[in-house]
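Asks: Once you've had a glance at the structure underneath, I'll fire off some questions.
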Amino acid sequence: MTTIDFFSKIFQSKKGKNYIQPINYNVYLLEILRKKIEGLGHQSAFHQRYHALILKNKLEIATEIIDNPENHKSILQLKVVVTHPEYFPEGIFDCLVGLGDTMEDKIDSVIDNFLNANFQPIINSQQEFHNPKLDFTSNENGKEILWHVYPSHLLLQGNWQQEPLENILLDYLQSRLTAILFPQKMNWLKIYISRQPSGEIIRECILNNQPWEEGLEAITEYAQSWDLNAKFLGMKQFIVFKRCDTHKL
């Protein structure tokens with residue numbers, strides 16, 4: 001018996017002696033997400049009004065499975081919104097994909113994608129530690145502002161003959177980042193770039209829920225330098241930037 005089979009309850013009904021209740025996959029997904037988050041050492045509880053988890057540090061994660069009949073049967077799309085009353089009051093929005101032969105596999109896949117690509121940088125930014133080698137500074141009205149950087153692992157697609165450096169995207173974007181006057185303590189960046197064998201480039205660079213054209217230009221320039229050898233290559237990364245507490249707003 002699979003976990004989903006176990007999750008579906010059998011009860012008495014006018015429809016028959018043994019009626020299997022339709023599975024609410026949104027609820028099932030949230031339960032699996034809660035278990036995995038707690039497995040990482042973070043306490044969480046279900047929201048009482050909608051499909052969301054609330055962590056002890058007031059971080060809230062809301063999810064919704066996207067019902068798109070045009071998707072291949074092996075694909076599951078998930079909309080995720082992460083909020084925090086102080087750090088992310090307007091929410092961090094993302095749409096993720098899970099792959100698998102069964103709904104259980106697809107849910108497990110999309111949750112792992114969220115944990116690896118989004119959750120770790122977000123939760124790490126709530127902690128005191130950081131990697132000082134990734135710090136950068138900006139200037140605000142003549143005052144130097146120090147920023148801590150919390151990136152996800154660089155997630156690669158395709159067959160890379162030589163894997164790029166873990167922080168290669170940050171290297172390409174850093175000069176442009178230092179010129180931005182971030183209005184709040186916490187900021188986030190979502191990057192996706194891929195190049196087809198034909199040379200066509202698919203790209204996305206979202207800064208605080210808004211397209212960032214200067215960042216898009218930088219990653220496009222980088223993708224054009226790839227040696228394809230008639231192969232598809234792609235990469236994605238999620239990054240959180242945190243104003244150092246020694247530099248108050």
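The values are calculated or read from the model by the stated rules, or taken from the named source; none is laboratory data. Quantities reported herein were computed from a predicted structural model and do not represent experimental measurements. Neighbour counts are summed over all protein chains in view; Cβ atoms, including those assigned to glycine, are modelled from backbone coordinates with ideal geometry. When the accessible area is computed, the model is the full protein with side chains, heavy atoms only, and any ligands, DNA or RNA have been set aside. Shrake-Rupley method; radii C 1.70, N 1.55, O 1.52, S 1.80 Å.
Asks: In this structure, is Leu55 of a type in the set (A, V, I, L, M, F, W, C) and more than 23 Å from Ser194 (Cα to Cα)?
Replies: Yes, satisfied.
Asks: Looking at (1) within 18 Å of the chain's Cα centre (by Cα); (2) part of a loop (DSSP other than H, G, I, E, B), which is the only condition Leu53 fails?
Replies: Here Leu53 meets the rest and fails (2).
Asks: At least 2 residues that are open to solvent by less than 20 Å² (accessible area, probe 1.4 Å) and β-branched (Val, Ile, Thr) in each: list the strands (runs of 3 or more DSSP E) lying fully within segment 91-175 that qualify.
Replies: Result: 143-151.
This table checks each residue for (1) within 26 Å of Phe182 (Cα to Cα); (2) at pLDDT 95 or above; (3) touching a helix residue (DSSP H, G or I) at 6+ places or on another chain (Cβ under 9 Å).
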residue: Phe46; (1), (2), (3): no, no, yes
residue: Val80; (1), (2), (3): yes, yes, yes
residue: Ser109; (1), (2), (3): no, yes, no
residue: Leu115; (1), (2), (3): yes, yes, yes
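Asks: Here are some conditions: (1) out of contact with any Phe, Trp or Tyr (no Cβ under 8 Å at 6 or more places or on another chain); (2) within 20 Å of Val97 (Cβ to Cβ). Lys236 meets all but one. Which one does it not meet?
Replies: For Lys236, the exception is condition (1).
Listed here are the residues, each with its yes/no results for (1) outside any helix (DSSP H, G or I); (2) without any contact (Cβ under 8 Å) to a residue 40 or more places away in the chain.
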| site | (1), (2) |
| --- | --- |
| Asn26 | no, yes |
| Ile32 | no, no |
| Ile37 | no, no |
| His42 | yes, no |
| Ala45 | yes, yes |
| Arg49 | yes, yes |
| Lys58 | yes, yes |
| Ala62 | yes, yes |
| His72 | yes, yes |
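Asks: Now for a different question. For segment 142-150, check the following and say yes or no: at least one residue is in contact (Cβ under 8 Å) with a residue 12 or more places away in the chain and within 18 Å of Thr83 (Cα to Cα).
Replies: yes
Asks: In segment 210-228, what residues are of a type outside the set (Ser, Thr, Tyr), open to solvent by less than 80 Å² (accessible area, probe 1.4 Å) and touching a residue at least 24 places away in the same chain (Cβ under 8 Å)?
Replies: Selection gives Gly215, Ala218, Ile219, Ala223, Trp226, Leu228.
Asks: Output the number of the condition that Pro69 fails; it satisfies all remaining conditions of (1) open to solvent by less than 70 Å² (accessible area, probe 1.4 Å); (2) more than 21 Å from Pro211 (Cβ to Cβ); (3) not aromatic (Phe, Trp, Tyr).
Replies: Of the numbered conditions (1) open to solvent by less than 70 Å² (accessible area, probe 1.4 Å); (2) more than 21 Å from Pro211 (Cβ to Cβ); (3) not aromatic (Phe, Trp, Tyr), the odd one out for Pro69 is (1).
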